[in-house]
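Data first, discussion second: the structure below is written as structure tokens.
The values are calculated or read from the model by the stated rules, or taken from the named source; none is laboratory data. Fair warning: this is a prediction, and the values are worked out from it, not measured in the lab. Cβ atoms come from the backbone with ideal geometry, glycine included; neighbour counts cover every protein chain shown.
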Amino acid sequence: MIDAVAADLRAGSAETDSLAAGAGVSWEYETFTTSDDPAISRFMQLWEDRRRPDQSIPSRQAFEIEDLMEWLGHILILDVIDGGADFHYRLVGTEIATALGRDYSGRRMSECTFGVSAADVIGEFGEVVAARRPLVRRGHITWAPDKSWRTFRSVHAPLATDGETVDKTMGVLLIGDL
């Protein structure tokens with residue numbers, strides 16, 4: 001897994017959201033622009049530190065594997081398609097795939113089933129593209145294989161090869177009381 005991550009890495013105010021459950025699967029969360037979770041805050045600081053003075057958004061190439069070791073297994077990298085109309089799962093960390101009981105790496109978000117509509121999930125990640133800054137979420141999820149109601153916290157941040165046009169996003173998803 002480290003080799004896959006390494007290869008890929010080298011080449012406020014809160015609002016409450018809830019998505020309707022489908023087949024007993026649901027999530028509820030709040031969205032923030034800051035975090036009191038130390039691991040999430042460190043990722044946000046890393047994103048900020050990787051911005052160059054001449055760009056508002058860092059590129060994926062600004063992050064080395066060594067920078068991300070703390071979150072290895074919890075990283076999610078998406079390619080942005082058509083400005084956020086869809087996303088391609090470039091990397092789903094092993095801890096995320098295990099906790100959720102599936103690995104969508106290599107697939108388009110619109111092709112996946114979540115228990116909620118793909119359009120809703122695409123919309124959630126589209127918010128990161130539109131915001132052009134990291135967004136933090138904290139809440140509960142029942143996507144786990146055993147359908148237990150688990151806590152999660154996450155941060156997802158935009159990336160831009162040219163420093164301006166969001167073409168990828170990268171985030172950290174921590175499930176349960178880690």
Do the conditions hold for Ala130, that is, is it hydrophobic (A, V, I, L, M, F, W, C), within 14 Å of Gly83 (Cβ to Cβ) and in contact with a helix residue (DSSP H, G or I) (Cβ under 9 Å, 6 or more places away or on another chain)?
-> yes
Among the residues of the stretch 94-116, count how many are part of a loop (DSSP other than H, G, I, E, B) and either of a type outside the set (Val, Ile, Thr) or in contact with a Cys (Cβ under 9 Å, 6 or more places away or on another chain) (or both).
-> 10
Can you find even one residue in the stretch 107-127 that is out of contact with any His (no Cβ under 8 Å at 6 or more places or on another chain) and closer than 22 Å to Leu72 by Cα?
-> no
In the stretch 110-149, what residues are out of contact with any Lys or Arg (no Cβ under 8 Å at 6 or more places or on another chain), aliphatic (A, V, I, L, M) and at pLDDT 95 or above?
-> Val128, Val129, Ala130, Ala131, Leu135
